[in-house]
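Peer 1: Below you'll find the structure I mean.
The values are calculated or read from the model by the stated rules, or taken from the named source; none is laboratory data. This is a predicted model, so every value here is computed, not measured. As a convention, Cβ positions derive from the backbone with ideal geometry for all residues, glycine included, and neighbour counts pool all protein chains shown. With ligands, DNA and RNA removed, areas are computed over all heavy atoms of the protein, side chains included. Shrake-Rupley method; radii C 1.70, N 1.55, O 1.52, S 1.80 Å.
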Amino acid sequence: MWTYYPDLLAKPVPRYTSYPTAAEFTETVASADLEAGLADLPAEEPLSLYVHIPYCREICWYCGCNTGAATREARLSAYVDRLHDEIDLFAAKLGPRGVVGRIAFGGGSPNAIAPEVFLRLVDRIKTAFRHDRPVISVELDPRGFDEKWAAALATAQVERASLGVQTFDPAIQARIGRVQPAELIERTVSLLRTASITSLNFDLMYGLPGQTGRELEASLAAALALAPDRLAVFGYAHVPQILPRQRRIDASQLPSARDRFDQAALAHRVLTGKGYQPVGFDHFATPADPLASAARNGTLRRNFQGFTDDRATCLLGLGASAISSFPDRLLQNEKNTGRWHLALGAGRFATHRGVLRTPEDRARGTIVEDILTHGAADLSPLTGRSCVRALLLDFEARGLLRWRGESIVLAEGGLPYARAIAARLDQYRGESIGRFSHAV
Ligand code: SF4
């Protein structure tokens, strides 16, 4: 049972897919910082790759991703050609270092490119990098997914797929600019199940315009009927001041903060009631899924893709806006595809923004990640610890967390407050809060 404390959720907070968050990135880093990060890697360092395809068949009005409409074939093909250059550049700078264990394709919609183009990309990666039976995952838009794509996933031995579903309700789909009939989703699932997919995720949303608890329950039921291995249930973040495409969404129809909280609680209740294991604050997985195992055995991590069972500490980001992550540095590529092209065309990485993490950043980053992934964190490494208890007092007073020595442990009802609790320990929060969305 979750209790709503509006004062504790009043401030917008980051999603904490990194610490410091992307809001703290500056333009003080460059291609040389990425080269230095690669040069320092030990020979057998496990590596994960993220490949960003910033194109979609249609642009959904609510979308917060760096993506554009895939209207011109030549543009897509030039983009993929340049990705090949970026793969080669990474491989050249890595030399014999690193072994790739994961390859994630995200976007945008990776299935905006042709399936044979996707296969060539996978081949190029496998040729260029040392790898060890990498787990390949792909984000997919059911619109535009077909038999050819299913066959390509099977050929590439893609094991994991994530479908953008959001809601099954046709009226809400129309209000968010993403119309995809239930039959289309069912057909996509059926194709994926006959391909090579062993772990299938659905992204769903609450807090959508005109959405009610009853509708959310119906969408959850429709999703459960298709038996996904994982579900991520995100709160819609309405920030039209940052994402102009969201101006098409009628803000007057958005649920209240209280309704959003109740919808998040409803999703949690329904999915755990159906035997899904909660993973972090907004993911759920069947007990047999690797993500659920990671949550149970304490190896769950959080990175730019959200909650993950990936244990690699080095993630290389390829494509416009992709972020490379090392323990001591976070480096983001140019978001603008034109400038990303230019940098690679000149033979250098398109690193544009980022942060070199201080020891304090790393200590706080571990604490933030532990709170979000395990619901507990050892706060003894924090400097200025005398103030920490006072900072968290209002959560403690409501029974949302308790102290065990120098560690905090979230109560079960503290789960929806995890990000808000983490934000109290974030030394950068305060000045840039307008960039973020509801804490639930
Ligand atoms: S398909 Fe996904 S990435 Fe593309 S616009 Fe819609 S939400 Fe954004």
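Peer 1: Within 12 Å, Cβ to Cβ, of GLU217, how many net charges do the neighbouring residues add up to if Lys/Arg are +1 and Asp/Glu are -1?
Peer 2: Computed value for this residue: 0.
Peer 1: What translational D, rounded to a whole number of µm²/s, comes out for the chain from Stokes-Einstein when the hydrodynamic radius is the Kirkwood one over Cα pairs, at 37 °C and 0.692 mPa s?
Peer 2: 147 µm²/s
Peer 1: If you take every DSSP beta bridge fully contained in the chain, what fraction is antiparallel? Give it as a percent rounded to 5.
Peer 2: 45 percent
Peer 1: Also, I was wondering about something else. Output wanted: per-residue J couplings in Hz (rounded whole) for the stretch 175-191, from phi through Karplus 6.51 cos²θ - 1.76 cosθ + 1.60, θ = phi - 60°, x for Gly and Pro.
Peer 2: Going residue by residue, I get 6, 10, x, 9, 9, 8, x, 4, 4, 5, 5, 4, 5, 4, 4, 5, 5 Hz, with x marking Gly and Pro.
Peer 1: Quick check: from the Cα gyration tensor, does the stretch 359-435 come out rounded (a/c under 1.5), prolate or oblate?
Peer 2: Rounded shape, in that the Cα axes give a/c under 1.5.
Peer 1: Note down the net charge around GLU369, summing +1 for each Lys or Arg and -1 for each Asp or Glu among other residues with Cβ under 11 Å from its Cβ.
Peer 2: The answer is +3.
Peer 1: Another question, if that's okay. Output the relative contact order of the chain, whole-number percent, from Cα pairs under 8 angstrom with separation of 6+ residues.
Peer 2: It rounds to 22 percent for the chain.
Peer 1: Additional query: Viscosity 1.567 mPa s, temperature 4 °C: give me the Stokes-Einstein translational D for the stretch 112-260 in µm²/s, with Rh taken as the Kirkwood radius over C-alpha pairs.
Peer 2: 77 µm²/s
Peer 1: Counting only residues 5 or more places away or on other chains, whose amide H sits under 5 Å from the amide H of ALA104 once H atoms are built in the peptide plane?
Peer 2: LEU49, TYR50, VAL51, SER137
Peer 1: Over the stretch 32-75, average the accessible area per residue using a 1.4 Å probe and give it in Å², no decimals.
Peer 2: 46 Å²
Peer 1: Just how large is the dipole of the chain about the Cα centre, in debye to the nearest 20, putting +1 at every Lys and Arg Cβ and -1 at every Asp and Glu Cβ?
Peer 2: 400 debye
Peer 1: Around PRO20, under 12 Å between beta carbons, what's the net of Lys plus Arg minus Asp minus Glu among the other residues?
Peer 2: +2
Peer 1: In cubic angstrom, how much convex hull volume per residue do the alpha carbon atoms of the stretch 194-328 span?
Peer 2: 166 Å³
Peer 1: Another question, then. Could you work out what % of the accessible surface of the chain is carbon and sulfur, using a 1.4 angstrom probe and leaving DNA, RNA and ligands out of the count? Walk me through the numbers before you get to the answer.
Peer 2: On the way: 9340 of 18000 Å².
The value for the chain is 52 percent carbon and sulfur by accessible area.
Peer 1: If you don't mind, there's one more thing I want to ask. Once you order the gyration tensor axes a ≥ b ≥ c over the Cα atoms, which shape class does the stretch 1-154 get: rounded for a/c under 1.5, otherwise prolate or oblate by comparing a/b with b/c?
Peer 2: Because a/c hits 1.5 or more and a/b fails to exceed b/c, the stretch 1-154 counts as oblate.
Peer 1: Would you work out which of VAL29, ALA70, LEU89 lies farthest towards the positive end of the dipole of the stretch 1-111, given +1 charges on the beta-carbon of Lys and Arg and -1 on that of Asp and Glu, about the Cα centre?
Peer 2: Result: ALA70, furthest along the dipole toward the positive end.
Peer 1: In Å², and per residue, what accessible area does the stretch 359-435 have when probed at 1.4 Å with the other protein chains present?
Peer 2: 46 Å²
Peer 1: Here's a follow-up. Pick out, from ILE371, LEU8, ALA320, the residue whose Cα sits farthest towards the positive end of the charge dipole of the chain, with +1 on the Cβ of Lys and Arg and -1 on the Cβ of Asp and Glu.
Peer 2: Going by the charge dipole, the pick is LEU8.
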